[in-house]
Structures are given as C-alpha cells and as structure tokens.
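Written out below as structure tokens is the structure these notes cover.
Read-outs throughout are calculated quantities, based only on the coordinates presented, and are distinct from any laboratory measurement. It should be emphasised that the depicted structure is a prediction, and the values quoted were computed from it without experimental measurement. Here the Cβ is made from the backbone with ideal geometry for all residues, glycine too, and neighbour counts use every protein chain on show.
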Amino acid sequence: MISIDGSVLVVFLILCIFMITLRKGFFLPLLKVMEERDSLVLQNQRGKERAQEQVSKRLALIEERLSSASAEGVDRRRKAREAALEKHRSETGAAKVVAETRVTELKAQLESEYPEIEKKMEEESTRLTDEIVRKVLHL
C-alpha cells in the first residue's frame, strides 16, 4: 500500500505553485496572444470580404458600362450605316436623273441630226458608187 507522508503534501504544494506560475507566466500570455491573433484574423477576414464586395460592385459597374458602351457603339454604327446608305441613295438618284436628262438630250440631238447625217451618207454612198463604177469600167 501507499503510505501518505509529509513529502506528498510538499510535492502537491510544489505542483500547485508550479501550476499557478505556469498559468500566470505562460498560459495567460499565450491565451492573450492567441486571442489577439484570432481578432486580427477575424479583422483581416472582414476586410477581405469588404474588399471583395467592393471589387464585385466595381466589376458589375464596369460590366454595365461596357455593355452600355457596346450597345451605344452598335447603335452608332447602325445610324452611320443608315446615313451612308441614305446619302448613297440620294447621290445615285441625283446621278440617275442627270444621266437620264443627258441621254434624253443626246437622243434629241441625234434625232435632229439624223436627217442631215442620212443625207450626207446617201451622198457619200452615191459618190463611192460612182467612183467604183468608174474604176471598174475604166471610165
């Protein structure tokens, strides 16, 4: 059997003093450092979440602006294309009118000159015929 004597009480007392000293000198400062670390980690995590939130908002804003700018660019291109087509239509319409007018004028000029040209051709034909006859018949 184990006998309990005074040395057990001394060991117990030393152990109690050792535990109190460890608690005050090691465990309490360690717990304080761990709590500070946990607090910093929590603050950093909250800061990170806020930063991610801000980045997400900015990204959404940028995407919205980009989408808006893209739609505006498409609209501007469509309007410019329509304006160019309208300008082309009006210019080709004006050119067509000028060309038709010129063709009509030239037709009228040809019709007015036709009898004179026909007369000249007839005279030239007669002259050439007479010349051919003279050369062939040696007259």
Spin-label point model (7 Å from Cα, Cβ direction): what's the residue 79 to residue 48 distance in nm? 4.8 nm
Descending Cα extents along the principal axes, the range 94-139, whole Å: 61, 16, 5
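Per DSSP helix of 4 or more residues, -39500 (n - 2.57); summed, then divided by the residues of the chain. What does that give at 222 nm, rounded to the nearest 500?
Rounded to the nearest 500, it is -34500 deg cm²/dmol.
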Can you give the Kirkwood hydrodynamic radius of the range 1-80 from its Cα pairs, in Å with one decimal? 19.2 Å
Please report the orientation-averaged projected area of the range 6-139, defined via the convex hull of its C-alpha atoms, in nm². 24.3 nm²
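In debye, nearest 20, what is the charge dipole magnitude of the range 48-103 about its Cα centre with +1 on Lys and Arg Cβ and -1 on Asp and Glu Cβ, if you could check? Don't jump to the answer; show the numbers that get you there.
On the way: 14 positive and 10 negative charges, 25 e Å.
For this selection, approximately 120 debye.
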Only sites in a loop by DSSP and with at most 16 other Cβ atoms within 10 Å count here; which chymotrypsin sites (Phe, Trp or Tyr not before Pro) in the range 1-96 make the cut? none
Label 7 Å along Cα→Cβ of residue 89; the range 50-78 residues with amide nitrogen under 17 Å? 78
